[in-house]
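S.K.: Take this structure first; my questions come after.
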Amino acid sequence: MYTDKVLEHFSDPHNVGEVENPDGVGQVGNPICGDVMKITIKVKDGRIADVKFRTLGCAAAIATSSITTDMAMGKTLEEAQAITRQQVADALGGLPTNKLHCSNLAAQGLHVAIKDYLAKTGAAVKGAGSPAAEGAE
Ligand code: FES
């Protein structure tokens, strides 16, 4: 059912917790199952200098949160904002069809954290705001 990569990130998730004095916070809930995820970011020179997550959710939610933080680490805000749930699912080698909605949580949480940072600082990111695959399924 789950790929080895999903099981790996579920049993030993990366970047768990909260960054100290975060520059941006994203908290999102999955309307389908009620699971929640909080992502905190530290931004330096326009890049994600640190990112951590806390997720109350299923195995897929934990694994997608873990790999999303890996994918976002060190990226520019523009690159991180462009990470889609499909890319997250692909990075895990795919998700079972009935678990695809779980990948939404992490990508959305990351995007909300970046938007929070941008709102606080008044900064702007080129191309930000409408990742094609965002939104609940
Ligand atoms: Fe809720 Fe997966 S079942 S995020």
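S.K.: Quick check on this structure: which one of Val6, Val43 is more than 12 Å from the chain's Cα centre (by Cα), at pLDDT 95 or above and within 16 Å of the ligand (Cβ to nearest atom)?
M.R.: Numbers: Val43 fails: within 16 Å of the ligand (Cβ to nearest atom).
Going through Val6, Val43 in turn, just one is more than 12 Å from the chain's Cα centre (by Cα), at pLDDT 95 or above and within 16 Å of the ligand (Cβ to nearest atom): Val6.
S.K.: Please go through segment 92-125 and pick out each residue that is farther than 20 Å from Ala60 by Cα, modelled with pLDDT of 85 or more and of a type in the set (Gly, Ala, Ser).
M.R.: Selection gives Ala113, Ala119.
S.K.: Take the conditions within 14 Å of the chain's Cα centre (by Cα) and either within 10 Å of the ligand (Cβ to nearest atom) or aliphatic (A, V, I, L, M) (or both) and apply them to Ile32. Does it pass? Explain how you work it out, then say what you get.
M.R.: Working: within 14 Å of the chain's Cα centre (by Cα): no; either within 10 Å of the ligand (Cβ to nearest atom) or aliphatic (A, V, I, L, M) (or both): yes.
Criteria not met by Ile32.
S.K.: Condition first: within 12 Å of the ligand (Cβ to nearest atom) and free of Cβ contacts under 8 Å to residues at least 40 places away in the same chain. Now tell me which residues in segment 92-106 satisfy that.
M.R.: Asn98, Leu100
S.K.: Could you grab the pairs with beta carbons closer than 7 Å, sequence gap of 6+ or different chains, first residue in segment 53-74 and in contact (Cβ under 8 Å) with a residue 12 or more places away in the chain, second one of a type in the set (D, E, K, R) and more than 9 Å from the ligand (Cβ to nearest atom)?
M.R.: Partner pairs satisfying both residue conditions: Phe53/Lys38; Arg54/Glu18; Arg54/Lys38; Thr69/Lys52; Gly74/Arg47.
S.K.: Continuing with this model, one more query. Among the residues of segment 23-40, is there at least one that is more than 21 Å from Ala80 (Cβ to Cβ) and among the acidic types (Asp, Glu)?
M.R.: yes
S.K.: Across segment 46-86, which residue is nearest to the chain's Cα centre (by Cα) among those that are within 16 Å of the ligand (Cβ to nearest atom), surrounded by 16 or more Cβ atoms within 10 Å (Cβ to Cβ) and of a type in the set (A, V, I, L, M)?
M.R.: Ile67
S.K.: Return the only residue of Ala89, Ala128 being within 16 Å of the ligand (Cβ to nearest atom) and either modelled with pLDDT of 95 or more or of a type in the set (A, V, I, L, M, F, W, C) (or both).
M.R.: Details: Ala128 fails: within 16 Å of the ligand (Cβ to nearest atom).
Only one candidate qualifies: Ala89.
S.K.: Output the number of residues of segment 66-102 satisfying the condition of being out of contact with any strand residue (DSSP E or B) (no Cβ under 9 Å at 6 or more places or on another chain), among the aliphatic types (A, V, I, L, M) and not in a loop (DSSP other than H, G, I, E, B).
M.R.: The number of residues fulfilling the criteria is 5.
The values are calculated or read from the model by the stated rules, or taken from the named source; none is laboratory data. Keep in mind the model is a prediction, meaning the values are calculated, not measured. Positions of Cβ are generated from backbone atoms using ideal geometry, with glycine treated the same way; all protein chains shown enter the neighbour counts.
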